[in-house]
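Visitor: The structure follows.
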Amino acid sequence: MKLGFYIILAAQFTSALADNALLFAAIALLKDLNSPAWHTPVLQEAFIFSYIVLAPFVGAFADSLPKGRVMFVSNNIKILGCIAMLFGVNPLIAYGLVGLGAAAYSPAKYGILTEYLPPDKLVLANSWMEGLTVAAIVLGAVVGGVLISPKIGGPMLLWWDIPFIDTGIDTSAELAIAIIVVVYGLAALFNLYIPRVALDHKPLSHSPAFLLSEFWHNQKLLWKDPLGQVSLGVTTLFWGTGATLRLIVLGWAAVALHYDMAHAAMLTAWVAVGIAIGSILAARFVKLEQSVKVLPIGVAMGLVVLIMIPVTNSTLAIWLLIVIGAMGGYFVVPMNALLQHRGHLLMGAGSSIAVQNFNENLSIFAMLGLYAVMQKLDFSIYIIILVFGLMLSGIMTALYRRHGHDQDNGKI
């Protein structure tokens, strides 16, 4: 691999690390402001709102400029969102600005590999990219948890304090956000050194009406295809449930394990570890032609989530979260591969990724909204776990009953 590839990896890793650490810092900031509990899922909704609204347009933006330039601009938008939090802007609004940068960043980070590397290197390159992204999720949860911990943040605040100068950074959450700004800055620095390559897929038109029309055409095309429908339905459901599960784990850890926010944040990393294990197992044992056959694992995952309800032991909790993550990774990776395959055949990989991102983030938005409503109504965390576990299992069962024989009929 050429040096430029490793610069791309470094840029993606540092930006993803900051993204995942920032979530927990922003949640801690909400707690410092005595915000109601239902503001936490709304915080994540503010982040992914841009993904939904800008889905038809961000791909064209990424294809109109060198990808490194797009990633640099996007990282700077994230930095502005962090600075806005530090200057007292409502975290829901400021975190939404970070989401705007993330939405613009997403298609560029995937597209740069195709432009920069030969086809025979893409599988290896994507393996590195996905592996480092999982590592960033795990490390981001750990780093975020450490930075917001009073035992760590308190002494660091004393070090941060400058005589005769009011930095405005008075809490562990604010200090964590300030450090995350530095990490985003490092990612932006890497972006400047990403090699420039010729633009190979300029949009046919920059007209919003054209881009919107093309996007909805691709949306209908993928949802009408039987295998596209099941793979898109499964990945959409998985990521919506997965994003909500991360917040559910925070609430569950506080009630069942008596964890503080910092330790609960670190606990969520075990789900990502499990997803990585499940992904490796799926790559080893599941072929594309058999991908629909993994749907029963998704049904079982929803039922295993219910086991969280009686667990009060931290060791058992860790193993349970690893198992839940592994089951998720095992069934979502083949579904994702099937979706990419059908998307490539029907409309091209880039367009199908745009449709996939839109639907997955719409699912996240809806699931988080449901979670926020249940918190607003003061539902017990155990009732919330029961609802989400049964919902995941029920929808996966319906998808399997409808599409379980599609590949048997030779429709792949």
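The values are calculated or read from the model by the stated rules, or taken from the named source; none is laboratory data. Since the structure is predicted, the reported quantities are computational estimates derived from the model, not experimental observations. Backbone-built Cβ (ideal geometry, glycine too); neighbour counts: all protein chains shown.
Visitor: Name the single residue that is nearest to ALA135 (Cα to Cα) among those in region 19-50 being part of a helix (DSSP H, G or I) and among the aromatic types (Phe, Trp, Tyr). Walk me through how you get there before you give the answer.
Guide: Within region 19-50, the subset part of a helix (DSSP H, G or I) is 19-32, 39-50.
Checking which are among the aromatic types (Phe, Trp, Tyr) leaves us with 24, 47, 49.
Values: PHE24: 16, PHE47: 21, PHE49: 25 Å.
Result: PHE24.
Visitor: Out of (1) more than 30 Å from LEU370 (Cα to Cα); (2) aliphatic (A, V, I, L, M); (3) touching a Lys or Arg at 6+ places or on another chain (Cβ under 8 Å), the odd one out for ALA18 is which?
Guide: The number of the failed condition is (1).
Visitor: Report, by residue number, each residue of region 363-380 that is more than 10 Å from ALA37 (Cβ to Cβ) and touching a His at 6+ places or on another chain (Cβ under 9 Å).
Guide: Hits for region 363-380: nothing passes.
Visitor: Any chance region 383-405 includes a residue that's in a loop (DSSP other than H, G, I, E, B), modelled with pLDDT under 80 and surrounded by fewer than 17 Cβ atoms within 10 Å (Cβ to Cβ)?
Guide: Here is the first cut: in region 383-405, the residues in a loop (DSSP other than H, G, I, E, B) are 404-405.
Next cut, modelled with pLDDT under 80 only: 404-405.
Narrowing the set further to residues that are surrounded by fewer than 17 Cβ atoms within 10 Å (Cβ to Cβ) leaves 404-405.
Yes; the residues of region 383-405 include at least one that is in a loop (DSSP other than H, G, I, E, B), modelled with pLDDT under 80 and surrounded by fewer than 17 Cβ atoms within 10 Å (Cβ to Cβ).
Visitor: Given the residues THR236, THR315, which is the only one that is free of Cβ contacts under 8 Å to residues at least 24 places away in the same chain, assigned to a helix (DSSP H, G or I) and not assigned by TED's automatic domain parsing to the domain that holds ILE48?
Guide: Details: THR236 fails: free of Cβ contacts under 8 Å to residues at least 24 places away in the same chain.
Among THR236, THR315, only THR315 is free of Cβ contacts under 8 Å to residues at least 24 places away in the same chain, assigned to a helix (DSSP H, G or I) and not assigned by TED's automatic domain parsing to the domain that holds ILE48.
Visitor: Collect the residues in region 51-65 that are part of a loop (DSSP other than H, G, I, E, B) and either assigned by TED's automatic domain parsing to the domain that holds GLY240 or in contact with a Phe, Trp or Tyr (Cβ under 9 Å, 6 or more places away or on another chain) (or both), keeping them in residue-number order. It would help to see each step written out before you state the result.
Guide: As a first pass, look at region 51-65 and keep what is part of a loop (DSSP other than H, G, I, E, B): 54, 65.
Within region 51-65, just LEU54 meets the criteria.
Visitor: Please tell me if PRO66 is crowded, with 24+ Cβ neighbours inside 10 Å and more than 20 Å from THR133 (Cα to Cα).
Guide: Values: crowded, with 24+ Cβ neighbours inside 10 Å: no; more than 20 Å from THR133 (Cα to Cα): yes.
It is false that PRO66 is crowded, with 24+ Cβ neighbours inside 10 Å and more than 20 Å from THR133 (Cα to Cα).
Visitor: Something else about it: In the list VAL234, VAL182, which residue meets the criterion of being under 30 Å from VAL311 (Cβ atoms) and at pLDDT 80 or above? Break it down into steps so the answer makes sense when it comes.
Guide: On the way: VAL182 fails: under 30 Å from VAL311 (Cβ atoms).
Going through VAL234, VAL182 in turn, just one is under 30 Å from VAL311 (Cβ atoms) and at pLDDT 80 or above: VAL234.
Visitor: Can you give me the number of residues within region 245-276 that are closer than 30 Å to LEU227 by Cα and surrounded by fewer than 18 Cβ atoms within 10 Å (Cβ to Cβ)? Don't jump to the end; show me each part of the working.
Guide: Residues of region 245-276 that are closer than 30 Å to LEU227 by Cα, as a first pass: 245-246, 271-276.
Then drop every residue that is not surrounded by fewer than 18 Cβ atoms within 10 Å (Cβ to Cβ), which leaves none.
Qualifying residue count for the region: 0.
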